[in-house]
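The values are calculated or read from the model by the stated rules, or taken from the named source; none is laboratory data. In this text the structure is predicted, and so the values were computed from the model without any measurement. Here the Cβ positions follow ideal geometry from the backbone for every residue, glycine too, while neighbour counts run over all protein chains shown. Heavy atoms of the whole protein, side chains included, go into the accessibility calculation; ligands, DNA and RNA do not. Shrake-Rupley method; radii C 1.70, N 1.55, O 1.52, S 1.80 Å.
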Amino acid sequence: MSTQVNGVTATQPGLVAAPRPPAAPDRSPRRGLLLLAAVTVLGLALRLTGLGHESIWYDEAASMQLAHQPVHALLTGASDARDNGNPAGYFVLLRLWLLLLGGFSVENARALSAVAGALGVPAVWLLARACRLPRPAGLLAALLVAVSPPLVYLGQEARVFALFATVATLAAACVAVLENKGSWWAWLGFAALGALMVHLHYYAAFVLAALGLHLAVWAWRHDRRALGKLALAALVVVLAFAPWLGVFRWQLQQGATRSSESWLQHLALMPLFDLGGRTLVWKDSGLPAVIAADLAVAALVFAPAAWLLQRCRPFPWLPLVFAAGVPLFAALVSLKAPMVHSHYLSVVIPAVLLLLAWALVSGWRQGARRLVIAVVLVLAVVTAVSLGRLYAEPHKDDWRGLAARVASDGGGTPAYFYEDIGADCLAYYDSGRPAVRLTEPFDGGAGWERSGDAARMRGEADGFWLVLYLPDGARRDDEGPVVDWLHRTFRVETEERFGRMKILRCRPAP
């Protein structure tokens, strides 16, 4: 017969019982970190795979042009080292990155976004931990960010958006820490990340407005002394941006019309973009197909997730305010000056995926397992199809193919661009070819006659290439009249289409 004495067990009277073996240590935190590391590596691998698959496109060409400028010129906003609509922070980092790698290729430039995007995996995990969400919710959110088609897509572009989303997610994590602990390190981190964000992208104003408003409401209700610290952090951000104000005023004078025709459409299609990005179904499939896919994603994923989310405890107010506040502020500003674009709004995707992860984990724990399984199956299908198309099908304009076709003609025949949006793309692949930008409206040929461009074309003894790429609605209808005019005025030897672009090889009329 065994007996229990002071926590030890004896099997026979008179024998000294052996001590109970110590309890096994809890290995779940270490296991969680190993899983997080594995998911981060997965996210990096997905972003590094096929960096050269897509042709460079015009925004990336602008990035490469600016990356060739000296750091001092970028920081001071010199006239030939400034972007029309973005701060200089990303371009400075890009230049330093390319110098570190020792090569100014677009693949090296995209690698910066791949690394920055992969760091979004631990960033969203930190946000989940700071919001005191259960460990499974943080790991699931990290996995969703790692395999997210829109974030993988943006992690393969030589643009700021992957980096911006990661930095903004870390700033949100600082706010969550401030609410729970009030740490000075978190205040310093929030101020520093805010100062960095305003030099990465101007949507930083919306991010900081959403996070700052949430923090101000919390401070008013729980610790009003934090209002002074919030004001001090805001002052740090303003002072950090102050040297750039002159360039910012110049950029405002350039206008914000890029999304004037489509900003509301971009906003309405965010449910689809959040999960499937541009590779599941997008504009080329036709608006009815895009709307149908958007409604399906909203009904099959976000509606059930919203129902599950409202039952969650703790309720993730901070990610919700972040995910909803940024689009709301952007929409309100766009009523006056349109500036909504899916790339810009991608900054909230990690927060959206965190909300989705917590809804699924909470729903599973509360017994709504069939609903959770159904949502997960839809997510798996959308993610697999979107990633498959991302790697299998080019989705950017084929400037590489166009440049190869122009180069096959031989010689230094100039290329005329109407409008000029693709000139930098051709220059990346064929840097020695002269490029002429036709910035004046065609106006039936009269505009080019007035500007002298028509006379210059007639003076090209060996002829020229004309590249037509007309995404702007005001000039989209010019393609037919321009082609007709060229056939009447010159001898057109070649007329080929490369997706949305058309090229014509023209020689003087006999």
For the stretch 370-434, restrict the atom set to alpha-carbon positions and state the Rg and Dmax in Å. 20.3, 66
Could you order Trp358, Trp263, Trp250 so the one with the most accessible surface comes first? Probe is 1.4 Å. Trp250, Trp263, Trp358
Given the stretch 237-378 reduced to its alpha-carbon atoms as identical point scatterers, what log10 I(q)/I(0) does the Debye formula return at q = 0.15, 0.16 Å⁻¹? -0.86, -0.93
Using only DSSP helix segments of four residues or longer, with each worth -39500 (n - 2.57), what per-residue ellipticity at 222 nm results for the chain after dividing by its residue count and rounding to 500? -18500 deg cm²/dmol
Count the DSSP beta bridges whose two residues both fall in the chain, then state the antiparallel fraction as a percent rounded to the nearest 5. 70
Cβ-placed point charges (K, R +1; D, E -1), dipole of the stretch 61-151 about Cα centre in debye, nearest 20: 420
Given a 1.4 angstrom probe, what's the average accessible area per residue across the stretch 276-341, in square angstrom? 49
Residues of type aspartates and glutamates that Lys181 reaches as a straight line, Cα spacing below 15 Å, ignoring anything fewer than 8 places off in the same chain: Asp223
For the stretch 130-207, the per residue accessible area (1.4 Å probe, Å²) is 28
Going by alpha carbons, how many degrees (0 to 90, nearest 10) lie between the helix axis of 161-180 and the longest principal axis of the chain? 30
With every protein chain in place, the chain: carbon and sulfur % of accessible area (1.4 Å): 63
Hey, what did the stretch 371-510 get for relative contact order, percent, Cα under 8 Å, at least 6 apart? 22
The lysines whose Cα lies under 29 Å from the Cα of Lys336, excluding any fewer than 8 residues away in the same chain, are Lys283
Most positive-pole-ward Cα, Leu335, Phe417, Leu438, against dipole of the stretch 316-442 from beta carbon charges: Leu335
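Per residue, how large is the accessible surface of the stretch 361-455? Use a 1.4 angstrom probe and give square angstrom. If you can, show how the numbers build up before the last one.
Values: 4430 Å² over 95 residues.
That works out to 47 Å² per residue.
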Residues other than Leu94 with Cβ under 14 Å of its Cβ, Lys/Arg counted +1 and Asp/Glu -1, net out at -2
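Sort the following peptides by mean Cβ neighbour count (other Cβ atoms within 10 Å, averaged over residues), highest first: 234-244, 393-403.
393-403, 234-244
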Using the Cα centre as the reference, give the magnitude of the dipole from point charges on the C-beta atoms of the stretch 409-461 (Lys, Arg: +1; Asp, Glu: -1; all else neutral), rounded to the nearest 20 debye. 160
Could you rank the peptides 75-83, 202-210, 92-100 by their average count of other C-beta atoms within 10 Å per residue, with the highest value first? 202-210, 92-100, 75-83
Normalised by the residues of the chain, what does the relative contact order come to in percent, with Cα pairs under 8 Å and at least six apart? 15
Using the alpha-carbon atoms, what tilt in degrees (0 to 90, nearest 10) does helix 204-222 show relative to the longest principal axis of the chain? 30
Principal-axis tilt of helix 135-147 within the chain, Cα atoms, nearest 10 degrees: 20
Please report the net charge: other residues with Cβ closer than 14 Å to the Cβ of Pro510, K and R +1, D and E -1. +3
As an exercise, find the ratio Rg/Rh for the stretch 158-215 from alpha-carbon atoms, using the Kirkwood inverse-distance average for Rh. 0.98
Through the Karplus equation 6.51 cos²θ - 1.76 cosθ + 1.60, θ set to phi - 60°, convert the phi angles of the stretch 314-331 into ³J(HN,Hα) values in whole Hz; use x for Gly and Pro. x, 7, x, 5, 4, x, 5, 4, 5, 5, 8, x, 4, x, 5, 4, 5, 5
Determine the sum of side-chain charges near Pro414: Lys and Arg each +1, Asp and Glu each -1, restricted to other residues whose C-beta is under 10 angstrom from that of Pro414. 0
